[in-house]
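Okay, structure first, notes after.
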């Protein structure tokens, strides 16, 4: 296996390693910008991390802007959560009747961010919503307000009209022992779990004891110094993003075939041929039409990592096999 290069993204490193294991040649062109070439006897593909030209430029723009994503999904009768958009200069005079038909809690998120950055969830009152928006507008000019839907989050990898992998995304949690505080249990998990490191340098990130985590456990009547009963699992935040401490569980084999077809349809309508489709559903094994479900977002340059260690599917290898026609 090739030597790891710390200035590369995890996705680039995985593709490089798996290409070499498949007998393909890899030429590094601009290492600190994740640009490299993968060659077989009769084909060569230029990569920039997980972008290798399979997606259209239009598709990339749609996926990078959640407002465009939701517009395309709605137009094609693919359900999303109830949504409104708000600009910074509208906050003082905003017509709050626009969310009269929303059921609280709600979430807010930027139109054009990723990795769960500045996603604020479990907001239960209008005053709290205003406060969170004020903080967000210090960094972003436009935010999304959405009704928060309860369910299990699933991330489905579609490559060239085929579902390669489906992952259940699990929010971070700790298990009580009647001795240690929540803060101590988080520190133990971060320091003793070899799969957890910062900055996507391992399959999982360390759990962040940030303001969102503190706010979430506060709504469960706990704080970082609270002690949890033995064997009681405490969810630490609503967001299941790996970058904030979440983990994954494979559900490829139980994901219903009709769900797979819907995920493929979503990528096609957005002019994407490789994409993570994030969905929320109450039961992965049932047809989505028989459950309460929505599409959360599309990710056109999917981050690879974690599935090699935590699932039966090596997505980097499967992507390479598919584009280079390796059986």
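Let's see how each residue does on (1) in contact (Cβ under 8 Å) with a residue 60 or more places away in the chain; (2) farther than 30 Å from residue 23 by Cβ; (3) outside the structural domain of residue 19 (by TED's automatic domain parsing); (4) surrounded by fewer than 17 Cβ atoms within 10 Å (Cβ to Cβ):
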{"site": "229", "(1), (2), (3), (4)": "no, yes, yes, yes"}
{"site": "253", "(1), (2), (3), (4)": "no, no, yes, yes"}
{"site": "282", "(1), (2), (3), (4)": "yes, yes, yes, yes"}
{"site": "310", "(1), (2), (3), (4)": "yes, no, no, yes"}
{"site": "317", "(1), (2), (3), (4)": "yes, no, no, no"}
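Among the numbered conditions (1) closer than 28 Å to residue 66 by Cβ; (2) modelled with pLDDT of 90 or more; (3) in contact with a strand residue (DSSP E or B) (Cβ under 6 Å, 6 or more places away or on another chain), tell me where residue 259 comes up short.
(3)
Evaluate the following for residue 91: is it surrounded by fewer than 16 Cβ atoms within 10 Å (Cβ to Cβ), outside the structural domain of residue 263 (by TED's automatic domain parsing) and touching a residue at least 40 places away in the same chain (Cβ under 8 Å)? Give the derivation first.
Working: surrounded by fewer than 16 Cβ atoms within 10 Å (Cβ to Cβ): yes; outside the structural domain of residue 263 (by TED's automatic domain parsing): yes; touching a residue at least 40 places away in the same chain (Cβ under 8 Å): yes.
Here the answer is yes, as residue 91 does meet what is asked.
Looking at the stretch 205-233, which of the residues that are within 22 Å of the chain's Cα centre (by Cα) and not in a loop (DSSP other than H, G, I, E, B) is nearest to residue 120 (Cα to Cα)? I'd like the intermediate steps shown before the answer.
So the first thing to find is which residues in the stretch 205-233 are within 22 Å of the chain's Cα centre (by Cα), and the list is 205-217.
Narrowing the set further to residues that are not in a loop (DSSP other than H, G, I, E, B) leaves 205, 211-217.
On the way: 205: 19, 211: 10, 212: 7, 213: 10, 214: 12, 215: 10, 216: 10, 217: 14 Å.
For the stretch 205-233, the residue satisfying everything is 212.
Within the stretch 10-31, which residues are surrounded by fewer than 20 Cβ atoms within 10 Å (Cβ to Cβ), in a loop (DSSP other than H, G, I, E, B) and touching a residue at least 40 places away in the same chain (Cβ under 8 Å)? Break it down into steps so the answer makes sense when it comes.
So the first thing to find is which residues in the stretch 10-31 are surrounded by fewer than 20 Cβ atoms within 10 Å (Cβ to Cβ), and the list is 10, 17, 20-23, 25-31.
Those still in the list that are in a loop (DSSP other than H, G, I, E, B) too: 22-23.
22 - this is the single residue of the stretch 10-31 that is surrounded by fewer than 20 Cβ atoms within 10 Å (Cβ to Cβ), in a loop (DSSP other than H, G, I, E, B) and touching a residue at least 40 places away in the same chain (Cβ under 8 Å).
Taking the residues in the stretch 47-59 that are surrounded by fewer than 18 Cβ atoms within 10 Å (Cβ to Cβ), touching a residue at least 12 places away in the same chain (Cβ under 8 Å) and within 16 Å of residue 320 (Cβ to Cβ) as candidates, determine which candidate is nearest to the chain's Cα centre (by Cα). Reasoning before the result, please.
Step one: filter the stretch 47-59 for residues surrounded by fewer than 18 Cβ atoms within 10 Å (Cβ to Cβ), giving 48, 51, 53, 56-58.
From the residues that got through so far, the ones that are touching a residue at least 12 places away in the same chain (Cβ under 8 Å) too are 48, 51, 56, 58.
With within 16 Å of residue 320 (Cβ to Cβ) added as a condition, the list becomes 48, 51.
Details: 48: 20, 51: 17 Å.
So the residue we want is 51.
Just checking, how many residues over the stretch 234-267 are farther than 26 Å from residue 55 by Cα and outside any loop (DSSP other than H, G, I, E, B)?
Going through the stretch 234-267 one residue at a time, the tally reaches 5.
Right, residue 63: surrounded by 15 or more Cβ atoms within 10 Å (Cβ to Cβ), under 30 Å from residue 151 (Cα atoms) and in contact (Cβ under 8 Å) with a residue 24 or more places away in the chain or not?
Numbers: surrounded by 15 or more Cβ atoms within 10 Å (Cβ to Cβ): yes; under 30 Å from residue 151 (Cα atoms): yes; in contact (Cβ under 8 Å) with a residue 24 or more places away in the chain: yes.
For residue 63, the condition - surrounded by 15 or more Cβ atoms within 10 Å (Cβ to Cβ), under 30 Å from residue 151 (Cα atoms) and in contact (Cβ under 8 Å) with a residue 24 or more places away in the chain - is met.
Among the numbered criteria (1) free of Cβ contacts under 8 Å to residues at least 60 places away in the same chain; (2) over 30 Å from residue 289 (Cβ atoms), which one does residue 68 miss?
So the condition that residue 68 fails would be (2).
Have a look at 161, 178 and point out the one that is surrounded by fewer than 19 Cβ atoms within 10 Å (Cβ to Cβ), in contact with a helix residue (DSSP H, G or I) (Cβ under 7 Å, 6 or more places away or on another chain) and not in a strand (DSSP E or B). Show your work before the answer.
Values: 178 fails: in contact with a helix residue (DSSP H, G or I) (Cβ under 7 Å, 6 or more places away or on another chain).
Among 161, 178, only 161 is surrounded by fewer than 19 Cβ atoms within 10 Å (Cβ to Cβ), in contact with a helix residue (DSSP H, G or I) (Cβ under 7 Å, 6 or more places away or on another chain) and not in a strand (DSSP E or B).
Of the residues 275, 263, which is within 23 Å of residue 307 (Cα to Cα) and touching a helix residue (DSSP H, G or I) at 6+ places or on another chain (Cβ under 7 Å)? Step through it out loud before you land on a result.
Working: 263 fails: touching a helix residue (DSSP H, G or I) at 6+ places or on another chain (Cβ under 7 Å).
After applying the criteria, what remains is 275.
Residues in the stretch 128-144: is at least one surrounded by 17 or more Cβ atoms within 10 Å (Cβ to Cβ), closer than 22 Å to residue 279 by Cβ, touching a residue at least 12 places away in the same chain (Cβ under 8 Å) and more than 18 Å from the chain's Cα centre (by Cα)?
No, the stretch 128-144 contains no residue that is surrounded by 17 or more Cβ atoms within 10 Å (Cβ to Cβ), closer than 22 Å to residue 279 by Cβ, touching a residue at least 12 places away in the same chain (Cβ under 8 Å) and more than 18 Å from the chain's Cα centre (by Cα).
The values are calculated or read from the model by the stated rules, or taken from the named source; none is laboratory data. Small disclaimer: the values here were computed from a predicted structure and weren't measured. No Cβ is skipped: glycine too gets one built from the backbone with ideal geometry, and neighbour counts run over all protein chains shown.
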